[in-house]
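One structure is given below, represented as structure tokens, and several questions about it will come after.
Every number in this text was worked out from the coordinates using simple rules, so none of it is lab data. Nothing here was measured: the structure is a model prediction, and the numbers come from that model. Here the Cβ positions follow ideal geometry from the backbone for every residue, glycine too, while neighbour counts run over all protein chains shown.
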Amino acid sequence: MVSPARSAAYEVLCRVELGGAFCDQLLSSKLLAQADERDRNLATEMCYGTLRWRLALDDLLGRTSARPWEKVDARARILLRIGLYQLWHTDRVPDHALVNDAVEIAKHRLGRGCAGFVNGILRSLARERPWEKDGFDAARPDWVRASLPEWLWKRWLDRHGREQALEYALSLNRPPQCAAWDCRRPDGVSSIVGSPSPVVPGALLFDRRPEDRHLWMQDEASQYIPHLLGPVAGGRIWDCCAAPGGKTGILSSLCGADGFVIASDLSIKRAGHMKGPLGRLGWKKPAVLVADATASCPFRDGSFDAVLADVPCSGLGTLRRNPEIKWRFDPGRLAALQRRQVSILDAVSGAVRRGGVLLYSTCSTEPEENEQVVNAFLASHRYFELRRPDVPQGVERWLDPVGLLRTYPSERRWDGFFAALMFRFS
């Protein structure tokens, strides 16, 4: 009998690779609803590990295959990646068991001819284990070694140098830290058993995903962003690109009972999905509405003490958590994303009162979406200026010389975020 975890991982990865689905959504769907905890954990590890290491796996499989790798059936490639990932990166399952499972899946899903092909490659790799031989890493290009698209590797190499770029790229292949905050407690003190983050106020860290409806699962770096606004008790805040709503919830706790938060999103569906989780908050609920942040501002000038623009972006800072992005993203999209990001800042900036702040953020590593957007906005909006954040405590560790914030996954098991705090002085 084929392992339920391996069968589920194959189904998930086929839908991700061939249907454009996202791994995290499928792993929390009915596909694994009936699986026990052990099988869910194993399927999750296989799916994310295979996606993270895809290029490195393909390189070795392509050199082992007698057929040109690009001509091998896409479903067979997925099955072989799963098998090689386990041979290479895990030791919990005996080699013969995982090879047999792969062959059985191939027989029933792809035919006996493909099953023989899968069997031959995996048995050869299990026997020879080339990754254990001296000089294996040195013989591979750095982007293959790090399992990163060559175009992205070259960008990071030019910006950071080889040593730092390789450290950063390799760090993305390690699992992220599981982090959350307690929806019931606005004071950052929780009765839920978790380790308090030493960096992010109110964040709780876990060894594995906890099952508790009062927890809002959210990456540490993502939780960090709202705190850059500083003291906002009693404030009026607009989160203009709010879905899925995690930052909105934190903002609501920060502004307290005397303040209010308005959360908006372009998508009716995404705005609707925010209402349920935000309704579970143990303090004043934010208002949720549908609005296009690139259009004319739906509020009067100067309506808010602070506006958060956590804009749509490439997501290249979340490759550890969403590894499929690195195989799908077209760098040619960066110019269009930048135009949209600049237009959002331009449209929402009028809602900031004099003496208020505009906080811009992305989960991207790329300058086109980050400092270039901020520079373009400041050049055309002379009544705004960069303001160096001074909270939370220790924030200076993540700031560059001009006060722009960057969180690096190579320094902590969190996502790569960028943020710029801008003060309106007239």
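So for the chain, taking the charge dipole from beta-carbon charges (+1 Lys/Arg, -1 Asp/Glu), which of 417, 323, 144 sits furthest toward the positive end?
323
For the chain, take the longest principal axis of its alpha carbons; what is the angle in degrees between that and the long axis of helix 95-109, to the nearest 10 within 0 to 90?
Compared with the principal axis, the helix lies near 90 degrees.
Given N residues in region 4-140, what is its alpha carbon radius of gyration divided by 2.2 N^0.38 Å?
1.01
Alpha carbons only, please: Rg and Dmax for region 76-133, in angstrom.
For region 76-133, the Cα-based Rg and Dmax read 10.8, 35 Å.
Shifting gears a bit: So for region 4-140, taking the charge dipole from beta-carbon charges (+1 Lys/Arg, -1 Asp/Glu), which of 82, 65, 98 sits furthest toward the positive end?
So the residue we want is 65.
Rounded, prolate or oblate: which one fits region 332-386, using the alpha carbon gyration tensor with axes a ≥ b ≥ c (rounded when a/c is under 1.5, else prolate when a/b beats b/c, else oblate)?
Prolate.
Under 4 °C and 1.567 mPa s, how fast does the chain diffuse according to Stokes-Einstein, given a Kirkwood radius computed over C-alpha pairs? Answer in µm²/s, whole number.
Translational D for this selection: 56 µm²/s.
Find which of 16, 168, 299 sits farthest along the positive direction of the dipole of the chain, computed with +1 on the beta-carbon of Lys and Arg, -1 on that of Asp and Glu, about the Cα centre.
Projecting each Cα onto the dipole axis, the largest value belongs to 16.
I'd like the orientation of helix 334-348 relative to the chain: the angle between its Cα long axis and the longest Cα principal axis, in ° from 0 to 90, rounded to 10.
20 degrees
Also, quick follow-up: Might you report the magnitude of the Cβ-based charge dipole of the chain about its Cα centre, with Lys and Arg at +1 and Asp and Glu at -1, to the nearest 20 debye?
Numbers: 59 positive and 51 negative charges, 162 e Å.
Rounded to the nearest 20 debye, it is 780 debye.
Additional query: Check each of the chymotrypsin sites (Phe, Trp or Tyr not before Pro) in region 116-162 and keep only those in coil by DSSP with at most 14 other C-beta atoms within 10 angstrom; list them in order.
136
Convex hull over the alpha-carbon atoms of region 1-75: what's its volume per residue in Å³?
In region 1-75, the Cα convex hull volume per residue is 105 Å³.
How large is the dipole of region 280-330 about the Cα centre if only Lys and Arg carry +1 and Asp and Glu carry -1, each at its Cβ, rounded to the nearest 20 debye? Let's see the in-between values first.
Details: 8 positive and 6 negative charges, 79 e Å.
With only Lys, Arg, Asp and Glu charged at Cβ, the dipole is about 380 debye.
Hey, which lysines would be in cross-link range of residue 269, C-alpha to C-alpha under 25 Å, not counting anything within fewer than 8 residues on its own chain?
30, 247, 284, 285
Of the DSSP beta bridges with both residues in the chain, give the percent that are antiparallel, rounding to the nearest 5.
55 percent
Rank these for me by crowding, 294, 362, 248, 90, going from fewest to most other beta carbons within 10 Å. Before the final figure, lay out the partial values.
Details: 294 20, 362 26, 248 29, 90 13.
Taking fewest neighbouring Cβ atoms as first place, the list is 90, 294, 362, 248.
Chymotrypsin sites (Phe, Trp or Tyr not before Pro), restricted to region 353-420: which are DSSP loop and have at most 14 other Cβ atoms within 10 Å?
Taking region 353-420 and a limit of 14 other Cβ atoms within 10 Å, the loop chymotrypsin sites (Phe, Trp or Tyr not before Pro) found are 383.
Placing +1 at every Lys and Arg Cβ and -1 at every Asp and Glu Cβ, with all other atoms neutral, what dipole size does region 219-424 have around its Cα centre, in debye to the nearest 20?
Once rounded to the nearest 20, the dipole reads 480 debye.
Between region 245-284 and region 112-161, what's the alpha-carbon centroid distance in Å?
With region 245-284 and region 112-161 each reduced to a Cα centre, they are spaced 44 Å.
OK, next. Express in whole angstrom the spacing between the alpha-carbon centres of region 327-390 and region 74-108.
So the two Cα centres are separated by 45 Å.
Checking the a/c ratio against 1.5 first, then a/b against b/c, what shape does the Cα gyration tensor give for region 255-412?
Because its axes are fairly even, with a/c under 1.5, region 255-412 counts as rounded.
Kindly write out, for region 221-235 in residue order, the coupling ³J(HN,Hα) from the Karplus curve 6.51 cos²θ - 1.76 cosθ + 1.60 (θ = phi - 60°), rounded to whole Hz, with x marking Gly and Pro.
5, 5, 5, 5, 4, x, 5, 5, 5, x, x, 10, 4, x, x
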